[in-house]
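Asker: Got a structure for you, questions after.
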């Protein structure tokens with residue numbers, strides 16, 4: 001009886017944490033999102049010396065409250081999966097750990113000489129912003145668009161690199177060491193900076209021919225910026241169109257033979273992409289728990 005009760009308790013907790021379709025799961029996600037955003041704001045405010053000096057106690061207490069909440073969440077996630085190490089060593093498991101541990105480390109590190117290390121450890125709490133990614137469903141479309149366009153972007157970047165090497169070498173021959181182009185790598189660096197329209201101004205061509213080529217490089221830079229943006233935008237539009245085409249099939253899954261994917265998470269391997277009629281996880285074979 002006790003074991004049965006514990007299993008029901010674990011299944012209920014797993015449903016709240018990993019399944020966003022249930023009311024309790026949605027409430028959990030909303031509360032967690034608010035806590036993550038609050039922690040990011042606190043870290044930002046704490047970095048402002050004037051604010052930290054005036055509200056240090058409040059910021060410290062608030063940070064401890066959020067850290068304890070994240071610790072409870074981290075432990076709960078470990079307890080609800082059948083293979084805890086799968087979660088602990090997963091990407092989000094490591095992010096959750098890095099987002100929680102710095103505050104506890106600050107208790108163990110003391111002394112004036114450790115203050116610089118404490119400031120560095122506090123920066124690790126910025127990892128909490130990565131926890132937001134799992135709750136942004138639209139980010140999947142952007143990720144798929146970037147993956148679909150990576151081949152085109154790779155070819156484009158390789159072409160830009162070749163252009164930068166050629167133009168950098170030409171500028172080295174034209175300007176020479178007297179005008180700051182002391183070697184080819186530094187000339188290529190100037191070309192990359194100019195192509196990306198950053199323009200630090202530490203190197204500038206002095207000859208008329210060099211200035212003419214620099215003008216062409218700057219104009220070319222504006223065109224180059226638009227290319228990867230257009231590639232990703234086109235793929236994003238394509239992915240959005242595919243998602244819209246799949247939406248009617250998903251809404252009519254009960255009255256047709258089409259099968260859509262749901263967001264139910266496997267408690268064993270944490271995989272979320274399962275068919276609506278699936279009883280077992282297609283990745284590990286573990287039985288799925290339907291509502």
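Asker: How large are Rg and Dmax for segment 156-251 when calculated on the C-alpha trace, in angstrom?
Answerer: That works out to 19.5, 70 Å for Rg and Dmax.
Asker: Would you mind computing, in nm to one decimal, how far apart the modelled labels at residue 218 and residue 204 are, each placed 7 Å from Cα along Cα→Cβ?
Answerer: That separation, rounded to one decimal, is 1.0 nm.
Asker: From a point 7 Å beyond the Cα of residue 178 in the direction of its Cβ, which residues of segment 198-233 have a backbone N at a distance under 13 Å?
Answerer: Once the point is set 7 Å along Cα→Cβ of residue 178, 206-208 turn out to lie under 13 Å by backbone N, inside segment 198-233.
Asker: Stretch residue 104-residue 147 to full length: gain in nm at 0.36 nm per residue minus the Cα-Cα span?
Answerer: Extending this stretch completely gives an extra 11.7 nm.
Throughout, read-outs are computed from the coordinates displayed, never taken from laboratory work. Quick caveat: nothing in here was measured; it's all calculated off a predicted structure. Cβ: placed from backbone, ideal geometry, glycine included. Neighbour counts: every protein chain shown.
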